[in-house]
1. Can you say whether A:Asp32 is free of Cβ contacts under 8 Å to residues at least 60 places away in the same chain, within 12 Å of another protein chain (Cβ to nearest Cβ) and of a type in the set (D, E, K, R), as far as the supplied structure shows?
2. From the list B:Leu72, B:Leu49, B:Leu95, B:Leu17, pick out the single residue that is without any contact (Cβ under 8 Å) to a residue 24 or more places away in the chain and surrounded by 12 or more Cβ atoms within 10 Å (Cβ to Cβ).
3. Can you say whether B:Ile335 is assigned to a loop (DSSP other than H, G, I, E, B), of a type in the set (Val, Ile, Thr) and either within 14 Å of chain A (Cβ to nearest Cβ) or in contact (Cβ under 8 Å) with a residue 12 or more places away in the chain (or both), as far as the supplied structure shows?
4. Residues that are assigned to a helix (DSSP H, G or I) and either touching a Leu at 6+ places or on another chain (Cβ under 6 Å) or aromatic (Phe, Trp, Tyr) (or both): does the stretch A:16-35 have at least one?
5. In the stretch B:343-370, what residues are within 13 Å of another protein chain (Cβ to nearest Cβ) and of a type in the set (A, V, I, L, M)?
6. Would you check if B:Leu72 is over 21 Å from B:Ile120 (Cα atoms) and of a type in the set (A, V, I, L, M, F, W, C)?
7. Can you tell me which residue among A:Ile27, A:Ile7, A:Ile67, A:Ile53 is in contact with a Lys or Arg (Cβ under 6 Å, 6 or more places away or on another chain) and not hydroxyl-bearing (Ser, Thr, Tyr)?
8. For residues that are crowded, with 16+ Cβ neighbours inside 10 Å and either modelled with pLDDT under 80 or assigned to a loop (DSSP other than H, G, I, E, B) (or both), tally how many sit in the stretch B:263-301.
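The values are calculated or read from the model by the stated rules, or taken from the named source; none is laboratory data. These figures come from a predicted structure and were not determined experimentally. Every residue, glycine as well, gets a Cβ built from its backbone with ideal geometry; the counts of neighbours run over all protein chains shown.
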Amino acid sequence: MEKLLNIVNSVLENNNKQKIKEYNYSIRLRDDLGLDSLELAELTVKLESEYGIDVFEDGLVFTLGEIAKKLDISNE
Amino acid sequence: MNDKLFFYDLSVRKKYLYMDLVSYLNSADCLSKYIYTTNFFEIFVSVILGIIYEKEIYLLDYDLSADEINKLEVKDLNKKYFVKIKHPITLQNLLEKIKNSKHSRINLYTSGTTGQPKRISHDVKNIIRTVKIDDSKKNNIWGFAYNPTHIAGIQVFFQALFNLNPIVNLFGLARVDILDLIDKFNISHISATPTFFRLLLPITRKFYSVKRISYGGERFDNSVAKELTTVFPNAKMLNIYASTEAGTLLASSSDVFEIKNEFKDLIKISNNELLVHVKLIGDSQLFAGRQKWYHTGDIVEFIDNSKLKFRIVGRKNEMINIGGYKVNPLDVESILNEHDDILGSRVYAKKNSILGAILIADILAKNNLTEKSIRDYLNGKIQPYKIPRLINFVDKLDKTRTGKLRR
């Protein structure tokens, strides 16, 4: 989970948004973290670079938990 | 006046005075229909003869291969017209003859977007419409840095000729020779592509004789323009937008253009593409039927909501679509390369399921740059959709044989 968190935080930091201190499956990307489409796109491209998986390929993903599921990282 | 220099060509070590030009014109007994030569003086003479004798000539770039020429429907490459002088040409009546020519046409060739060169037939009156003749221009000395078989070269040629200015060839010469010639001839005007100027840099000397630098044919390069103002402290910069199809359309001292009142019904922007009215276009194979507007393929970006001023951001096929916004990666590379610690960059698109595509940058950096510092640098300088969202720090950037960035 830590790697995922770091990636999400780097995207937040690049876009001058507040970083996440605590991980929580239900944190919503758009509603809680305030990510816009460009920032979501940035997140997917970084996740793809790291994990080789396009998280949004099958449609929208809304929470950190859903991302973790797509990446198949259950209890890292 | 008779011993005034017309054309100096270092590559063939020849100097032609205006009286030599007049002499050649008076003694010519034939004129080639297809001008296919590396001899610039011959090209100039042919253009003038074609106008005086109202014979249609075709200017072929010597770069064209035999194969390409075949595809251009050139029937007899060696065809010649026979001409005979009726009234002697003098320097005085030469310019009048050219201005008064009613039906002369010159054919130029362009490479269309399909890659196959297309012929554009121009009314000489149309080509010379932008020539400015003025007493203040009589002492101008031109550095000629375009290919004379293309529109820019032809227009510079006429501008110099109508004011009886000397033309010093700089095209195809080595840096050292170009700089020497600027010095030796006290060249005051240089018209060339941004690449020509970029390849001259860096220059440590300063040249005070140059009063005007015009560039066009390629995207405006801010960093090159800035360096040029240091090397040529007395020069005014003029950015020209012209095309083989329409000749010179817009001019500006920066990368921002505005459509002048006199052109309001002749140039317009639709879907961010520059369109030119058929009235301004040379008669050509470009138009199908009764189409009124020619699509230039050049994409613009308005600088504000008034939609009066704009920048030309690139060709339609260079653009990458990021979530509906059209971006030219060269734009972004330009800005990245202005960063003190960035030696070079390559910006390209990566498919993305959210936006269609997203920009990625490979960056060759001097020091230990971080992605965050680059993001902070770009923030506010360009729109968010133009910011590369993934940055790779690389050891080198591949270049093609002609020194261009390998894409």
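1. Values: free of Cβ contacts under 8 Å to residues at least 60 places away in the same chain: yes; within 12 Å of another protein chain (Cβ to nearest Cβ): no; of a type in the set (D, E, K, R): yes.
Answer is no for this residue.
2. Values: B:Leu72 fails: without any contact (Cβ under 8 Å) to a residue 24 or more places away in the chain; B:Leu49 fails: without any contact (Cβ under 8 Å) to a residue 24 or more places away in the chain; B:Leu95 fails: without any contact (Cβ under 8 Å) to a residue 24 or more places away in the chain.
The conditions single out B:Leu17.
3. Details: assigned to a loop (DSSP other than H, G, I, E, B): no; of a type in the set (Val, Ile, Thr): yes; either within 14 Å of chain A (Cβ to nearest Cβ) or in contact (Cβ under 8 Å) with a residue 12 or more places away in the chain (or both): yes.
Criteria not met by B:Ile335.
4. The initial filter retains those residues of the stretch A:16-35 that are assigned to a helix (DSSP H, G or I), namely none.
The answer is no; no qualifying residue exists.
5. Within the stretch B:343-370, B:Ala349, B:Ile354, B:Leu355, B:Ala357, B:Ile358, B:Leu359, B:Ile360, B:Ala361 meet the criteria.
6. Details: over 21 Å from B:Ile120 (Cα atoms): no; of a type in the set (A, V, I, L, M, F, W, C): yes.
Against the criterion (over 21 Å from B:Ile120 (Cα atoms) and of a type in the set (A, V, I, L, M, F, W, C)), B:Leu72 does not qualify.
7. Numbers: A:Ile27 fails: in contact with a Lys or Arg (Cβ under 6 Å, 6 or more places away or on another chain); A:Ile67 fails: in contact with a Lys or Arg (Cβ under 6 Å, 6 or more places away or on another chain); A:Ile53 fails: in contact with a Lys or Arg (Cβ under 6 Å, 6 or more places away or on another chain).
From the options A:Ile27, A:Ile7, A:Ile67, A:Ile53, the qualifying one is A:Ile7.
8. Total meeting the criteria: 5.
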